[in-house]
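Q: There's a structure below that I have some questions on.
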Amino acid sequence: MDIKAGWYDHVHPAFRVICFVIFSLFLALGGFAQLSLAAFSIFVAYVTTADCEVSGFMKMLRRMRWFLLSIALIYAWLTPGVPLFGEIFEPSLQPSIEGLWQGGQRLLALILIVAAVHWLLSVTSREQLVAALYWLGFPLQPLGLSRERFAVRIALTLERVADVQQQVAAQIEQGDVDKADIKSYAAIAANLVVGVVQQADQSRCDVVEINVADKPPWWQWCWPSLVLLVMLLVAKLPAIPVAS
């Protein structure tokens, strides 16, 4: 992946990952104020990053469309509250105002997290991501676990993702896929599993090199600390009441 230089280059990849974790945690637990700040931050990040294409983000959302729709329906119809249309229709068949409000917040949080994931992967190369996970794996050592093995397994997994994607595309082109027939998808999946197993049996053992010479400078803890401080301050803002 060819990553162009940008303002994010001043932040070590390990601290980019930490900031993303803090960002996602507060989105999952936060309210309207956190969501508004997060949406503005994502907008600024996308505008100021040449490598981050919106088309890739939209593709990720399309893959999650049924999951997002199910969350919206569950919140809207299963959350107790005031019926949306009052007494005009049967109240038990209507979505509640509280459900729509809470469901909208959860959907927005998930969409922003997906946007943050896409941005992180756009500005961080595979080598940088593996090195970041290696440095973040230092708590595993007192537990008797090897962070080197952890980083190597992540590197091998990421390396094989592109190969599997190519095999999926090849299987779809070769097979006659009927969208209304689930058996055609099952046949493609079965052929894909066979192909992956055969490739694994025939592949040779290669040496995996991970460049971890770029040690994270400790002063850059200011970045996740700043994100955490801002999120904590925003969390103290009063919540917006739901109109009933």
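Rundown of residues vs (1) within 24 Å of the chain's Cα centre (by Cα); (2) surrounded by 11 or more Cβ atoms within 10 Å (Cβ to Cβ); (3) modelled with pLDDT of 70 or more; (4) among the small types (Gly, Ala, Ser), yes/no style:
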{"position": "120", "(1), (2), (3), (4)": "yes, yes, yes, no"}
{"position": "139", "(1), (2), (3), (4)": "yes, no, yes, no"}
{"position": "164", "(1), (2), (3), (4)": "yes, yes, no, no"}
{"position": "170", "(1), (2), (3), (4)": "no, yes, no, yes"}
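Q: Keeping to the stretch 61-102, report how many residues are of a type in the set (Phe, Trp, Tyr), farther than 30 Å from residue 118 by Cα and either surrounded by 17 or more Cβ atoms within 10 Å (Cβ to Cβ) or touching a strand residue (DSSP E or B) at 6+ places or on another chain (Cβ under 9 Å) (or both). Working first, answer last.
A: At the first step, the residues of the stretch 61-102 found to be of a type in the set (Phe, Trp, Tyr) are 66-67, 75, 77, 85, 89, 101.
Pick out the ones that are also farther than 30 Å from residue 118 by Cα and you get 77, 85, 89.
Keeping just the survivors that are either surrounded by 17 or more Cβ atoms within 10 Å (Cβ to Cβ) or touching a strand residue (DSSP E or B) at 6+ places or on another chain (Cβ under 9 Å) (or both) gives 77, 89.
So the count comes out to 2.
The values are calculated or read from the model by the stated rules, or taken from the named source; none is laboratory data. These numbers come from a predicted model, not from an experiment. Positions of Cβ are backbone-derived with ideal geometry, glycine not excepted, and every protein chain shown enters the neighbour counts.
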